[in-house]
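So the structure is just underneath, and the comments pick up after that.
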Amino acid sequence: MKTLQQTLLALSAGIVGSSLFAMPAAAINFGFSFNNELNGGGAVTGIIRGLDEGTGAASSVEVLSNTTGLGIGEYIGSPLTNSWTVSGGDIIAFDFLSAGVLNTPPAVTDALLFFDSTELSGASFRAGIAPSPGPFVTGSGFVSTGDIDLTFTRLEDEDNTETVPEPTSLLGFLAIGAVVTGKALKRK
């Protein structure tokens, strides 16, 4: 009977410990908007899903609206580049290029979407949508950063965040259970 009590104690300590020490990480989602001044005009809005603090790939980049009607939909099908850096809850660097012609439906196949925070033709923080295949403009001395007006807005709504379980949860549970069991057996 005493061994059963010790085992139950070890299991409950492991469950409590894993709950306290291995909380799930929440993915960060951002809304975006920009004026497509470099590639034919139009006001564009969308959402970037699945980012974390640090540098990594988005799980989804989707254009929700474009006043010209071009390129509405998902772009993660086969992105050529997909790198986003989040620091303090803000996007501080980005490099994303998805040539729609490389995607397969249901992802967008007739438009190209790009974001690039590197310096281009004297201005930074560029974004645009262009027909794919076809030429696209990523920078111009005649179009300023203000003309593009690219903005990212962190979405705080819980409906827009994904919970990503941390892989250490099971290991934490097993480690705490082993320590408690070891101590219980040592006393015996």
Among Thr153, Thr145, which is the only one that is touching a Gly at 6+ places or on another chain (Cβ under 7 Å), more than 16 Å from Thr81 (Cα to Cα), surrounded by fewer than 16 Cβ atoms within 10 Å (Cβ to Cβ) and modelled with pLDDT of 75 or more?
-> Thr153
Which ones in the stretch 71-90 are crowded, with 19+ Cβ neighbours inside 10 Å and of a type in the set (S, T, N, Q)?
-> Asn82
Which one is nearest to the chain's Cα centre (by Cα), of the residues in the stretch 32-48 that are surrounded by 19 or more Cβ atoms within 10 Å (Cβ to Cβ) and not hydrophobic (A, V, I, L, M, F, W, C)?
-> Gly46
Could you check Thr109 against (1) in contact (Cβ under 8 Å) with a residue 60 or more places away in the chain; (2) assigned to a loop (DSSP other than H, G, I, E, B); (3) within 23 Å of the chain's Cα centre (by Cα) and say which number it fails?
-> (1)
Filter the stretch 53-70 for residues that are outside any strand (DSSP E or B), of a type outside the set (A, V, I, L, M) and without any contact (Cβ under 8 Å) to a residue 60 or more places away in the chain; the one that is surrounded by the fewest Cβ atoms within 10 Å (Cβ to Cβ) is Gly69
Taking the stretch 91-120 and keeping only residues that are over 20 Å from Ile28 (Cα atoms) and surrounded by fewer than 14 Cβ atoms within 10 Å (Cβ to Cβ), one is left with Thr104, Pro105, Pro106, Thr118, Glu119
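The values are calculated or read from the model by the stated rules, or taken from the named source; none is laboratory data. Source: prediction; values computed, not measured. Cβ: placed from backbone, ideal geometry, glycine included. Neighbour counts: every protein chain shown.
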